[in-house]
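A short worksheet on the structure shown next.
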Amino acid sequence: MTDVLDLSVTPDQTDLADLIDIDSLLTSDEIALRASVRAFVDTQIKPNIAQWYEDAVFPLEIVPQMAKLGLLGMHLKGYGCPGRSSVEYGLAALELEAGDSGLRTFVSVQGSLAMSAIHRHGSEEQKNEWLPKMAAGLAIGCFGLTEPAAGSDPGSMSTFARRDGTDWVISGTKRWIGLATVAQVAVIWAMTEEGVRGFVVPTDTPGFTATAISHKLSMRASIQCEIELDNVRLPADAMLPKAAGLRGPFECLNEARYGIIWGAMGAARDSYLTALAYSQERMPFDKPLAGYQLTQQKLVDMALEINKGTLLALQLGRLKDAGRLKPHQISIGKLNNCREAIAICREARTILGGNGITLDYSPLRHANNLESVRTYEGTDEVHTLIIGNHITGLPAFR
């Protein structure tokens, strides 16, 4: 007998990115939450994102809609926060980044960084003052850790907070700080005589200046800034009481890194589906582009990595919800999924040919955004060394 391929069966058109029925591993609540975020992205984001990207603007008008969907501080409990699970947050991040990395980044900076810092490390007064407003989208937050000369090495930060009587006075510069020009509150990390501490800084405090970084080739529908702190005077109770040392900001960074693990697969999925649809309609040499072996190989390779990456994200989400997620596992997810997602987006662009370099199609926009995503919240090199340290027991950072 000879093996014969049965090509008569039409594949399920509802989601050609899920080839192994990952949906069967999700609860009905998780699927419903995902559907609501996907509908928001499909109707409010995708029709507009090309123009926002070209104009280099973040649409602040969508923030109330994000709040209404429960996307701000989504995984936090109490203080007006939605209190959803880690997997639900991850699914939302995936759908948002299928629209654009800038949208998922907004939710990440607001919830995983600024709100998480206050929720995890703040006083009751700080939590009650800021978290309900931030969850409702009435206040925007930012997270000031990175400096011009201290990206992957925040321990060498030069921003310093000195005591002056009962007050704190902070001076220094932060760079690549998301949302700072539109934020009402900043969580600023500074060196003190006792080590690194965090401070809740209203952005209208004298001496606080935020300037948007322009001329970007990536994350254009997003806001990144430089912050100047010129003798910013704060009362004693501005300090986050429960954060001492770098562990404080690193715990927040791990929350943001977790969201990236899911989000990167959203950019990859959107690029793959865009390329798939295009290949089925494009007719070179009187035959659909999808009918050529090399095109099918590209599509298959993309789909395989999307399914593996989504399974990885789901496994890490289940571990997180069980309270068992470890830092090296977050690094595995961030390193793998960013690396694979950017490769998928670039490969998807090749299927689109010359049309793929225009904003009529999403893959190159996603690939450009992912250049930033794979850099922030820990570069590929940093996460490689975190995993290497776990495997060997030997730190190789220095």
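The values are calculated or read from the model by the stated rules, or taken from the named source; none is laboratory data. Not measured: the values here are computed from a predicted model. Here the Cβ is made from the backbone with ideal geometry for all residues, glycine too, and neighbour counts use every protein chain on show. Quick note on the areas: whole protein, heavy atoms, side chains included, nothing else; ligands and nucleic acids left out. Shrake-Rupley method; radii C 1.70, N 1.55, O 1.52, S 1.80 Å.
Here is how the numbers come out for the structure above:
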quantity: Verdict on A210 being part of a loop (DSSP other than H, G, I, E, B) and either assigned by the TED database to the domain that holds D167 or of a type in the set (S, T, N, Q) (or both); calculated: no
quantity: Criterion (of a type outside the set (K, R) and over 19 Å from the mean Cα position of the chain (by Cα)) met by exactly one of L253, L273, L312; calculated: L273
quantity: Single residue of the range 291-314 satisfying the filter (in contact with a helix residue (DSSP H, G or I) (Cβ under 8 Å, 6 or more places away or on another chain) and polar (S, T, N, Q)) that is nearest to A17 (Cα to Cα); calculated: N307
quantity: Evaluation of R220 against (1) in a helix (DSSP H, G or I); (2) open to solvent by 10 Å² or more (accessible area, probe 1.4 Å) (one fails), failing number; calculated: (1)
quantity: Elements of type helices (runs of 4 or more DSSP H) contained in the range 300-398, each with 2 or more residues being open to solvent by 70 Å² or more (accessible area, probe 1.4 Å) and touching a residue at least 40 places away in the same chain (Cβ under 8 Å); calculated: 327-352, 380-392
quantity: Per-region count, the range 281-299, residues open to solvent by 100 Å² or more (accessible area, probe 1.4 Å) and not in a helix (DSSP H, G or I); calculated: 2
quantity: Residue check, G317 assigned by the TED database to the domain that holds H383 and over 23 Å from S24 (Cβ atoms); calculated: no
quantity: Lone unmet requirement of (1) in contact (Cβ under 8 Å) with a residue 40 or more places away in the chain; (2) more than 16 Å from the chain's Cα centre (by Cα); (3) under 28 Å from I45 (Cα atoms); (4) open to solvent by less than 50 Å² (accessible area, probe 1.4 Å) for G245; calculated: (3)
quantity: Scan of the range 150-198 for residues that are over 18 Å from V109 (Cβ atoms) and of a type in the set (G, A, S), ordered by number; calculated: A150, S152, G155, S156, S158, A161, G165, S171, G172, A190, G195
